[in-house]
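Report on the structure given below.
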Amino acid sequence: MSGFHSTALISKNAKIGMNVSIGAYSIIYDDVEIGDNTVIGNNSVIYNGARIGNNVRILNFASVAHIPQDKKFHNEYSLLYIGDNSIIGNFTTLHRGTEATGKTVIGENVIVSHYSHIAHDCLIGNSVYIGSMVQIGGHVEIDEFSVIKDFTQIHQFCRVGKYVTLEISYKITMDIPPYIYVSQKPLRFMDLNFELFNNHNFSQEKVKSINDVYSILYFSGLNFSQAKEKIKNTFPDNPVAKELLEFIEKSSRGIIGK
Amino acid sequence: MVSIHPTALVSNKAKLGENVSIGPFTIIHDDVEIGDNTIITSHSVIYDGTRIGKNCKIYQGVSISHLPQISKISQVSSFVKIGDGTTIHEFVTIHKASKDGNYTSIGNNVLLMAYSHIAHDVFIGDNCIIVNAVQIGGHVHIDDWAIIGGSTPVHQFCMVGKHAMVGGGFKVVKDVPPFVLAGEEPLKFNGLNSVGLRRRGFTSEQLETLKKVYKLIYDSGLNVSQAKAKIIEDFPSDPLAKEVVDFIDKSKRGIIPR
């Protein structure tokens, strides 16, 4: 079903693609772009600065591209991108960027479940799953294919690598390197994320190289800077090692321990 | 000039100040007073008994002065008072007091972030920050300049003192004294909130006094009532020490341990 409900308030200046459907009492502001075949539910509000891709489903009562909850924000121009095929759940709040980066980005095929909050300047990679009631602070980066389950809080400026799984109701206050499964309070490395490796058909060699690199990081008894050196020397041209070293290099809050 | 969107339902009996702006699909009940220059955006409902100050900003889907979540109550003529310059983000719920004529009170320049819940009979002082998804129980007293971190529930009847800061993702089940940081589970004293205090113009001498006061309470081997007597003896005329002593006197649930 496509079409606009008669009670929806849709600005004439908004750029809306083909076959877009907009539900009752929803509001679309002026500076909004919506791609083809996107569905927007009831009572949702799409504020200025939203750039929504194709085939996106936004459910009821969502607040998309609202102004950041940042005391330094002074109404500067900024954007919020939602990639193609993403699903945005009920009562979610997605805030646009501040002048620090100018944009909040949600990738393609992302699922954001109900009551979740994505703050200003976040970068959410492709195919990330975000469970319900997950509260994500400003400037957080989550890389592709990671799974953040319900009730988790993420501190501002934290980074989560790709293929990470986090169980429900934990708190992220440090950076989580890619390919691992994390749990416990305080959050720590539990295992490699074999479940996602299976789901994404990782080759035996790739799993083995991940295993080799991470056993130096977490099981060699070395501290992180020594382990970094050892990984650099032992695996000079292993792509997994390179990814991990880059991740640690960029980490401003430190990475989680074992 | 008052601007009311044609789709908003605003009672004739509601008292709106100058330049008040009411967004689409918002409902304003009869017994409501809204101060000058306050902005209420879309989809909010302001129930009977609300008193909103000047220059407030109330965003999407907010519910103010709804009935308290107490099973016996089906009707009560109590109030919600919101001070000047307060900002209330998406989907915040503020409930009115549980007894006729009483107030749930929120101070000036308070920031209530998305999804936070303020229950019946709560008092929130000026310049407080209540971060995302903080759930505040009935009769809670939060004093000026306090900050409650994201997703932290506050048990009913708890108190949080002036300039205190509670970390995100913890649980407040006892009283948090003024000027301190609180974190960990179960919630503990984590030192003085010296960064916050310096930002607000406290001098080094004042911080030194507070350090000594909290050393007596938490690091002297005395129990709280002995420490209180010692503080009164050592700092007979110091206003900050008096603030701490008064807080301990008022505390019914006991203060957080070390």
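Couple of notes before you dig in:
- Label point distance in nm, A:F224-A:D191, each placed 7 Å from Cα along Cα→Cβ: 2.4
- Percent accessible area from carbon and sulfur atoms, the stretch B:17-104, protein chains only, probe 1.4 Å: 45
- Rounded to the nearest 500, the helix-only mean residue ellipticity at 222 nm of chain A stands at -5500 deg cm²/dmol, with each DSSP H run of n ≥ 4 adding -39,500 (n - 2.57).
- Interface residues in the stretch B:45-70 - accessible area drops by 20 Å² or more relative to the isolated chain, probe 1.4 Å: B:Y59, B:Q60
- Sum of side-chain charges, A:D175 neighbourhood, beta-carbon under 15 Å (Lys, Arg +1; Asp, Glu -1): +3
- The A and B chains share an interface that buries close to 2000 Å² of accessible area, total over both sides, probe 1.4 Å.
- Prolate/oblate/rounded label for the stretch B:88-192 (Cα gyration tensor, a/c 1.5): prolate
- Considering only the stretch B:1-105, percent of DSSP beta bridges that pair antiparallel, nearest 5: 0
- Compared with its chain on its own, the stretch B:89-106 contains the following residues whose accessible area drops by 20 Å² or more in the full protein assembly (probe 1.4 Å; ligands, DNA and RNA excluded): B:H89, B:E90, B:F91.
- Antiparallel DSSP beta bridges within chain B, as percent of all bridges there, nearest 5: 5
- Look at where the Cα atoms of the stretch B:22-75 and of the stretch A:89-160 average out, and the two centres are 29 Å apart.
- Annotation: extensible slack from B:I73 through B:L9 equals 20.4 nm (criterion: 0.36 nm per residue apart, minus Cα-Cα distance).
- With the cut-off at under 17 Å, measuring from each backbone N in the stretch B:139-170 to a point 7 Å along the Cα-to-Cβ line of B:Q206 picks out B:143-147, B:161-165.
- Computed from Cα positions, the angle between helix A:204-219 and the longest principal axis of chain A comes to roughly 70 degrees.
- Considering only the Cα atoms of the stretch A:49-119, their convex hull presents on average a projected area of 4.2 nm².
- Length gained when the stretch A:F157-A:D36 is fully extended (0.36 nm per residue, less Cα-Cα span): 40.3 nm
- When the helices of chain B are scored as -39500 (n - 2.57) per DSSP H run of n ≥ 4 and the total is divided over every residue, the value at 222 nm lands at -5000 deg cm²/dmol.
- Relative compactness, the protein assembly as shown, computed as alpha-carbon Rg over 2.2 N^0.38 Å: 1.06
- 1.4 Å probe accessible area per residue over the stretch B:1-136, in Å²: 38
- Relative to the longest principal axis of the Cα atoms of chain B, helix B:204-218 runs at roughly 80 degrees.
- For the stretch A:163-235 and the stretch A:5-39, distance of Cα centres in Å: 43
- Placing pseudo-labels 7 Å out from each Cα toward the beta carbon at A:S2 and A:A100 gives an inter-label distance of 3.9 nm.
- Total lysine pairs in the stretch B:1-125 at Cα distances under 22 Å, for residues eight or more apart or on different chains: 16.
- Rolling a 1.4 Å probe over the protein heavy atoms gives the stretch A:92-134 an accessible area of 30 Å² per residue.
- Chain-alone versus full-assembly comparison, the stretch A:35-61, residues with accessible loss of at least 10 Å² (1.4 Å probe): A:N43, A:V45, A:Y47, A:F61
- Helix A:224-234 and the longest principal axis of the Cα set of chain A meet at an angle near 70°.
The values are calculated or read from the model by the stated rules, or taken from the named source; none is laboratory data. Predicted model only: the values in this text are computed from it and were never measured. Every residue, glycine among them, receives a Cβ derived from its backbone with ideal geometry; neighbour counts consider all protein chains shown. Accessible surface is based on the protein model in full, side chains and every heavy atom, while ligands, DNA and RNA are left aside. Shrake-Rupley method; radii C 1.70, N 1.55, O 1.52, S 1.80 Å.
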